[in-house]
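Enquirer: Below is one structure. I have some questions about it.
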Amino acid sequence: MEYTNYFESPLGRILLAADGQALTGLWFEGQKYFADKLEREHEEKELPVFVRTAEWLALYFDGKKPAFTPPLKLKGTVFQKEVWAAMLAIPFGKTTTYAKIAGEIAEHRGLTSMSAQAVGNAVAHNPVSLIIPCHRVLGSDGSLTGYAGGLERKEWLLAMERQV
């Protein structure tokens, strides 16, 4: 069984999902792929993981780098999880590119190359926005491309992080 709760952010309402112990989803309402990993049967409930996630989000939206990560349980393919792990390693206030992540994964797998487009698809299906910072991934030329939450939000998030 999955559980849900909501967080009101400066960028709109956020749906949180958890399995009871760990966060399984975090989406801005109306974003592309909204709740695509959420089980059909779920119940709204207060849980400690939601309280901890709300603490993380409150710190983040106050312009602070949270010193903890709520427990996560990610549903996805092995490749998607590799991409999401690479995004978790992007420092607060920094950015990387789809191509750089593709290169890192290719090297880790002992390959000569990997498709940046495949990485982009995995980034787009990130089930835990913000905490897994997909907004920190840019096009090779530094352009703000492809953010499921909307480019306006991506721009706001990056600007907020740069100010810190």
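Enquirer: Considering each residue of region 89-104, count those that are over 27 Å from Gly20 (Cα atoms), out of contact with any helix residue (DSSP H, G or I) (no Cβ under 7 Å at 6 or more places or on another chain) and open to solvent by less than 90 Å² (accessible area, probe 1.4 Å), and give that number.
Expert: 3
Enquirer: If you scan region 2-12, which residues turn out to be open to solvent by less than 80 Å² (accessible area, probe 1.4 Å) and among the charged types (D, E, K, R)? Step through it out loud before you land on a result.
Expert: Taking region 2-12 and keeping what is open to solvent by less than 80 Å² (accessible area, probe 1.4 Å), we get 2-7, 9, 11-12.
Matches in region 2-12: Glu2 only.
Enquirer: Ok, one more. Any idea how many residues of region 105-141 are open to solvent by less than 40 Å² (accessible area, probe 1.4 Å) and on the phi > 0 side of the Ramachandran plot?
Expert: 1
Enquirer: Being among the basic types (Lys, Arg), touching an Asp or Glu at 6+ places or on another chain (Cβ under 7 Å) and either in contact (Cβ under 8 Å) with a residue 12 or more places away in the chain or within 23 Å of Leu157 (Cβ to Cβ) (or both) is true for just one of Lys81, Lys73, Lys94, Lys100. Which residue is that? Step through it out loud before you land on a result.
Expert: Details: Lys81 fails: touching an Asp or Glu at 6+ places or on another chain (Cβ under 7 Å); Lys94 fails: touching an Asp or Glu at 6+ places or on another chain (Cβ under 7 Å); Lys100 fails: touching an Asp or Glu at 6+ places or on another chain (Cβ under 7 Å).
Sole residue among the options that is among the basic types (Lys, Arg), touching an Asp or Glu at 6+ places or on another chain (Cβ under 7 Å) and either in contact (Cβ under 8 Å) with a residue 12 or more places away in the chain or within 23 Å of Leu157 (Cβ to Cβ) (or both): Lys73.
Enquirer: Which ones in region 120-164 are modelled with pLDDT of 95 or more, of a type in the set (A, V, I, L, M), in contact with a Leu (Cβ under 9 Å, 6 or more places away or on another chain) and not in a helix (DSSP H, G or I)?
Expert: The answer is Val128, Leu130, Ile131, Ile132, Leu138.
One line per residue, one yes/no per condition, for (1) more than 24 Å from Val123 (Cβ to Cβ); (2) part of a helix (DSSP H, G or I); (3) open to solvent by less than 30 Å² (accessible area, probe 1.4 Å):
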position: Arg52; (1), (2), (3): yes, yes, no
position: Glu55; (1), (2), (3): yes, yes, no
position: Ala58; (1), (2), (3): yes, yes, no
position: Lys64; (1), (2), (3): yes, no, no
position: Pro70; (1), (2), (3): no, no, yes
position: Lys81; (1), (2), (3): no, yes, no
position: Met87; (1), (2), (3): no, yes, yes
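Enquirer: Any chance you could count how many residues in region 13-32 are over 14 Å from Leu74 (Cβ atoms), touching a helix residue (DSSP H, G or I) at 6+ places or on another chain (Cβ under 8 Å) and exposed (fewer than 14 other Cβ atoms within 10 Å of the Cβ)?
Expert: Of the residues in region 13-32, 1 are over 14 Å from Leu74 (Cβ atoms), touching a helix residue (DSSP H, G or I) at 6+ places or on another chain (Cβ under 8 Å) and exposed (fewer than 14 other Cβ atoms within 10 Å of the Cβ).
The values are calculated or read from the model by the stated rules, or taken from the named source; none is laboratory data. As the structure is a prediction and not an experimental result, all values here were calculated from the model. Glycine also receives a Cβ, built like all others from the backbone with ideal geometry; neighbour counts cover every protein chain displayed. Please note that ligands, DNA and RNA were not included when accessible areas were found on the heavy atoms of the full protein model with its side chains. Shrake-Rupley method; radii C 1.70, N 1.55, O 1.52, S 1.80 Å.
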